[in-house]
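The values are calculated or read from the model by the stated rules, or taken from the named source; none is laboratory data. Just so you know, these numbers come straight off a predicted model, no measurement behind them. All Cβ positions, glycine included, derive from the backbone under ideal geometry; neighbour counts span all protein chains shown.
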């Protein structure tokens, strides 16, 4: 059964999402492509159709997360927030530990 481009893109996005979570939970070195494929509900062959290997999948995860961050930052910059509020929101989203540590230092 031939899949549409939209279905293929949806599958690729699910694989990237599941890989991201698996890399966070088990680490890149300990992650297994078979597990990622299973969590995405696809075969290992389907995963290899989209990605050459685990490194290629990691690069796609990084690229996807970078694009996601750029979109979020663009929305913040285009908002009606003050420059200070924009900067604070960007820092809170990208560097949550800074805000937490600052609060701890103030208390």
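Just give me the residues in region 22-42 being surrounded by fewer than 14 Cβ atoms within 10 Å (Cβ to Cβ) and in contact (Cβ under 8 Å) with a residue 12 or more places away in the chain, in sequence order.
We begin by selecting, within region 22-42, every residue surrounded by fewer than 14 Cβ atoms within 10 Å (Cβ to Cβ); these are 24-27, 29-30, 32, 34, 41.
Once the filter is applied, which keeps residues that are surrounded by fewer than 14 Cβ atoms within 10 Å (Cβ to Cβ) and in contact (Cβ under 8 Å) with a residue 12 or more places away in the chain, region 22-42 yields only 41.
Return the pairs, sorted by first residue and then second, in which the second residue is surrounded by 12 or more Cβ atoms within 10 Å (Cβ to Cβ) and at pLDDT below 90, the first residue lies in region 1-14 and is at negative phi and assigned to a helix (DSSP H, G or I), the beta carbons are less than 8 Å apart, and the residues are 6+ apart or on different chains.
From region 1-14, the pairs are 11/3.
When you check residue 45 against the structure, is it under 24 Å from residue 26 (Cβ atoms), surrounded by fewer than 11 Cβ atoms within 10 Å (Cβ to Cβ), at pLDDT 90 or above and out of contact with any strand residue (DSSP E or B) (no Cβ under 7 Å at 6 or more places or on another chain), yes or no?
yes
Which condition number in (1) over 28 Å from residue 95 (Cβ atoms); (2) touching a helix residue (DSSP H, G or I) at 6+ places or on another chain (Cβ under 8 Å); (3) modelled with pLDDT of 95 or more is the one that residue 52 fails?
In the conditions (1) over 28 Å from residue 95 (Cβ atoms); (2) touching a helix residue (DSSP H, G or I) at 6+ places or on another chain (Cβ under 8 Å); (3) modelled with pLDDT of 95 or more, residue 52 misses (2) alone.
Counting only residues that are surrounded by 12 or more Cβ atoms within 10 Å (Cβ to Cβ) and in a loop (DSSP other than H, G, I, E, B), how many does region 72-90 have?
Step one: of region 72-90, the residues surrounded by 12 or more Cβ atoms within 10 Å (Cβ to Cβ) are 72-73, 76-77, 81, 85-90.
Pick out the ones that are also in a loop (DSSP other than H, G, I, E, B) and you get 81.
Here the count works out to 1.
Looking only at residues in region 40-71 that are over 17 Å from residue 13 (Cβ atoms) and in a helix (DSSP H, G or I), which one is farthest from the chain's Cα centre (by Cα)?
Of everything passing the filter in region 40-71, 45 is farthest from the chain's Cα centre (by Cα).
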